[in-house]
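**Student:** Got a structure for you, written out below as structure tokens; questions coming shortly.
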There are 2 protein chains.
Amino acid sequence: MAKAQQVTVVGSAALDTLITPHGSVEDILGGSVSFIGAIGGLFVPFNIVSVVGDDFPMHEYGFLRERNVNLDGLEIAPGKTFRWSGKYHDNMNIRDTLSTSLGVFADFQPHLPVLARDAKYLLLANINPELQLQVLDQMSAPKLVAFDTMNLWINAARETVLEVIGRVDIVIVNDEEINLLTGESSLFAGALKLTMMGPSYVVVKKGEHGSILVGKKGVPFICPAFPIADPVDPTGAGDTFAGAMIGYLAATDDVGFFNLRQAIVYGTIAASFTVEDFGLNRLKSITIDDIEERFRLFRAMVEF
Amino acid sequence: MAKAQQVTVVGSAALDTLITPHGSVEDILGGSVSFIGAIGGLFVPFNIVSVVGDDFPMHEYGFLRERNVNLDGLEIAPGKTFRWSGKYHDNMNIRDTLSTSLGVFADFQPHLPVLARDAKYLLLANINPELQLQVLDQMSAPKLVAFDTMNLWINAARETVLEVIGRVDIVIVNDEEINLLTGESSLFAGALKLTMMGPSYVVVKKGEHGSILVGKKGVPFICPAFPIADPVDPTGAGDTFAGAMIGYLAATDDVGFFNLRQAIVYGTIAASFTVEDFGLNRLKSITIDDIEERFRLFRAMVEF
């Protein structure tokens, strides 16, 4: 068994106010690094790099410390924490942003502590691509870099996004983003086009319809979603997917295509827990054994 | 190896006029029994029961005879063949019916020849549920009956549809139909509810998102679709799916849950060929070896 490696994740820490068909919650823990740390810490030590305001309820991150999540790279700046508010439709694939208050996140400048710089695995969660470039410049010698973004940055800073894509190993996108980036309406054609721009692999997230993994050559991997009959809150599902994926890769320290398939399945399973309750509630209550058990159940659901 | 069994299929034979983003075609061979016979005949002998008008280009069914499809149950009645015309949107999951002319199909009364009555496998394709009951009454002793319908019949003849469902083994539905039948918006909850109404298994077709197979107990089977980058015409994909599924079951004469999973995958593969060209064009050109080859490729795409 290979030696488990550490992961560094750079992204947002936020307080979310959410309305879903199942109810509403106010100012709960959110942001990509919260979800990624919560799930990833079950696999290997994670180094979080982000910023919160002095209004942030830091004690609520206590469970992250217990999961081997290092918060030395989490800056506490004078001012307000980034807040996002959204409302999900009955079809929870559709959501409206009600408000966004960047607060201290507007002036975020990532400064990586030594441990974070030396990590072999890096996850660039969705932030301004200029900051993602700064992070890449600070890293010592990462073995694998995974990257997430959103339509906002592709539209506002396309060239910078493409520059980041040229420097990473795995790009994680949804159908809208792949269409914006490549002009292709076919996910497979778009994913293949993206691999020509630098990354070895492209992961396309399709929400309740699963995900696909495409490399520069060879057959793609098609992964259905784990079925959840009555999802409560989809917030963070994509971040959880990415966090478990890179967490499993770091735990096994194997970036081959077959191991990446396993990592995608772990991401799928992790995301299925997230949507079962609001925010981090479900992730807080699970163990690695719960993940392994659902992994086995999933295999039983897809084998033929 | 079990002895291969025959299949009887009762459904529509039609002439289709189609408009898709890839072009348009006029009065081409269509209807459920055409697609089902074309694919099913690659697995085992099929007995077709349907009706066409005296304007039907019977010579175009020549390739069906070569595939062991028995046309003795295909009545030729004075009058016009059933015609359907539809237009597919850019998102080919959505289609508008432009016109429907029932012709001789309006007075269709299924009369099963002896061979058709004695078949061990029966596929009730989408027709008036009153006729489906008549077919069930004529069958000698089928080992397995699979059933398809559409929203039209569920709305217009709900009680009769439910009566048929109570007498079959496998119900094949899409998301809209399962919602109409059970009131459930969750596919899994709806499918489970349907199994309480009689059938041992429910297959839910999700088009480009694959299908699921749910039994009265045990874990469900989740099957993604085989990816086709640029589908030309989705007409008949669902019929082809059902035809290959029951064809494989009859060829192996094994109706156990694990073999049913394999049958679903054969259905998935068969449907992926259908959408590659208009109408029956692609199905006409394939062999069972083509199906087996794509089956192996599919396995390579989903294993982890």
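The values are calculated or read from the model by the stated rules, or taken from the named source; none is laboratory data. Just so you know, these numbers come straight off a predicted model, no measurement behind them. No Cβ is skipped: glycine too gets one built from the backbone with ideal geometry, and neighbour counts run over all protein chains shown. Areas reflect the complete protein model, heavy atoms only, side chains present, ligands, DNA and RNA absent. Shrake-Rupley method; radii C 1.70, N 1.55, O 1.52, S 1.80 Å.
**Student:** Counting residues that are closer than 29 Å to A:Arg117 by Cα, which strands (runs of 3 or more DSSP E) fully inside segment A:58-103 reach at least 3?
**Tutor:** Counting at least 3 such residues, we get A:69-77.
**Student:** If you don't mind, there's one more thing I want to ask. Hey, among the residues in segment A:202-230 that are farther than 20 Å from A:Phe147 by Cβ, at the interface with another protein chain (Cβ under 7 Å from one of its Cβ atoms) and of a type outside the set (Gly, Ala, Ser), which one's most open to solvent (accessible area, probe 1.4 Å)?
**Tutor:** The qualifying residue most open to solvent (accessible area, probe 1.4 Å) is A:Asp230.
**Student:** Go through (1) over 28 Å from B:Gly166 (Cβ atoms); (2) out of contact with any Gly (no Cβ under 7 Å at 6 or more places or on another chain) one by one and return the number of the condition B:Asn68 breaks.
**Tutor:** With (1) over 28 Å from B:Gly166 (Cβ atoms); (2) out of contact with any Gly (no Cβ under 7 Å at 6 or more places or on another chain) applied to B:Asn68, the lone miss is (2).
**Student:** Can you find a residue in segment A:239-246 that is within 14 Å of another protein chain (Cβ to nearest Cβ) and assigned to a loop (DSSP other than H, G, I, E, B)?
**Tutor:** No.
**Student:** In the list A:Phe257, A:Phe304, which residue meets the criterion of being within 12 Å of another protein chain (Cβ to nearest Cβ) and open to solvent by 50 Å² or more (accessible area, probe 1.4 Å)?
**Tutor:** A:Phe257
**Student:** Okay, moving on. Which of the residues that make up segment B:231-254 are in contact with an Asp or Glu (Cβ under 8 Å, 6 or more places away or on another chain), small (Gly, Ala, Ser) and open to solvent by less than 20 Å² (accessible area, probe 1.4 Å)?
**Tutor:** Within segment B:231-254, just B:Ala242 meets the criteria.
**Student:** Is one or more of the residues making up segment A:203-215 of a type in the set (D, E, K, R) and free of Cβ contacts under 8 Å to residues at least 40 places away in the same chain?
**Tutor:** The answer is yes, given that some residue of segment A:203-215 is of a type in the set (D, E, K, R) and free of Cβ contacts under 8 Å to residues at least 40 places away in the same chain.
**Student:** In this structure, does B:Val171 turn out to be touching a strand residue (DSSP E or B) at 6+ places or on another chain (Cβ under 8 Å), β-branched (Val, Ile, Thr) and either more than 20 Å from B:Ala125 (Cα to Cα) or within 14 Å of chain A (Cβ to nearest Cβ) (or both)?
**Tutor:** Taking the combined requirement at face value, the residue does not satisfy it.
**Student:** Using the structure shown, decide if A:Ile288 is more than 22 Å from B:Pro224 (Cα to Cα), among the β-branched types (Val, Ile, Thr) and at pLDDT 95 or above.
**Tutor:** yes
**Student:** I'm trying to understand the selection: among the residues of segment A:86-106, which are surrounded by 18 or more Cβ atoms within 10 Å (Cβ to Cβ) and more than 19 Å from the chain's Cα centre (by Cα)?
**Tutor:** A:Tyr88, A:Gly103, A:Val104
**Student:** Enumerate the pairs (first residue in segment B:144-159 and in a strand (DSSP E or B); second residue anywhere and open to solvent by 60 Å² or more (accessible area, probe 1.4 Å)) with beta-carbon separation below 9 Å, excluding pairs fewer than 6 apart on the same chain, so at least 6 apart or on different chains.
**Tutor:** B:Leu144/B:Lys120; B:Val145/B:Arg167; B:Phe147/B:Arg167
**Student:** Pull out all pairs, ordered by first then second residue, where Cβ-Cβ is under 6 Å, the residues are six or more apart or on different chains, the first lies in segment B:111-136 and is within 30 Å of B:Ala2 (Cβ to Cβ) and touching a residue at least 24 places away in the same chain (Cβ under 8 Å), and the second is part of a helix (DSSP H, G or I) and open to solvent by 10 Å² or more (accessible area, probe 1.4 Å).
**Tutor:** What qualifies is B:Leu112/B:Gln138; B:Arg117/B:Gln138.
**Student:** I'd like to check something: does segment A:282-296 contain any residue that is crowded, with 23+ Cβ neighbours inside 10 Å and within 14 Å of another protein chain (Cβ to nearest Cβ)?
**Tutor:** No, the conditions are met nowhere in segment A:282-296.
**Student:** Could you pull out the residue among A:Phe221, A:Phe188 that is among the aromatic types (Phe, Trp, Tyr), more than 25 Å from A:Lys143 (Cα to Cα) and in contact with a strand residue (DSSP E or B) (Cβ under 8 Å, 6 or more places away or on another chain)?
**Tutor:** On inspection, the qualifying residue turns out to be A:Phe188.
**Student:** Additional query: Looking at this structure, is B:Ser12 surrounded by fewer than 24 Cβ atoms within 10 Å (Cβ to Cβ) and within 14 Å of the chain's Cα centre (by Cα)?
**Tutor:** Against the criterion (surrounded by fewer than 24 Cβ atoms within 10 Å (Cβ to Cβ) and within 14 Å of the chain's Cα centre (by Cα)), B:Ser12 qualifies.
**Student:** Still on this structure, please answer the following. Is there a residue in segment B:155-169 that is acidic (Asp, Glu), out of contact with any Ser or Thr (no Cβ under 9 Å at 6 or more places or on another chain), open to solvent by 40 Å² or more (accessible area, probe 1.4 Å) and modelled with pLDDT of 95 or more?
**Tutor:** yes
**Student:** Right, B:Leu29: in a strand (DSSP E or B), touching an Asp or Glu at 6+ places or on another chain (Cβ under 7 Å), open to solvent by less than 80 Å² (accessible area, probe 1.4 Å) and at pLDDT 95 or above or not?
**Tutor:** So B:Leu29 passes the test.
**Student:** Quick one: in segment A:177-201, of everything that is of a type in the set (Gly, Ala, Ser) and open to solvent by less than 40 Å² (accessible area, probe 1.4 Å), which residue is farthest from the other protein chains (Cβ to nearest Cβ)?
**Tutor:** Filtering segment A:177-201 for residues that are of a type in the set (Gly, Ala, Ser) and open to solvent by less than 40 Å² (accessible area, probe 1.4 Å), the one farthest from the other protein chains (Cβ to nearest Cβ) comes out as A:Gly198.
**Student:** While we're on this one: Scanning for something over 21 Å from B:Pro45 (Cα atoms), within 13 Å of chain A (Cβ to nearest Cβ) and crowded, with 20+ Cβ neighbours inside 10 Å, does segment B:266-274 turn up at least one residue?
**Tutor:** yes
**Student:** Does A:Asn126 satisfy the condition of being at pLDDT 95 or above and assigned to a loop (DSSP other than H, G, I, E, B)?
**Tutor:** yes
**Student:** Given the conditions (1) in contact (Cβ under 8 Å) with a residue 12 or more places away in the chain; (2) outside any strand (DSSP E or B), which single one is not true for B:Ala106?
**Tutor:** It fails just one condition, (1).
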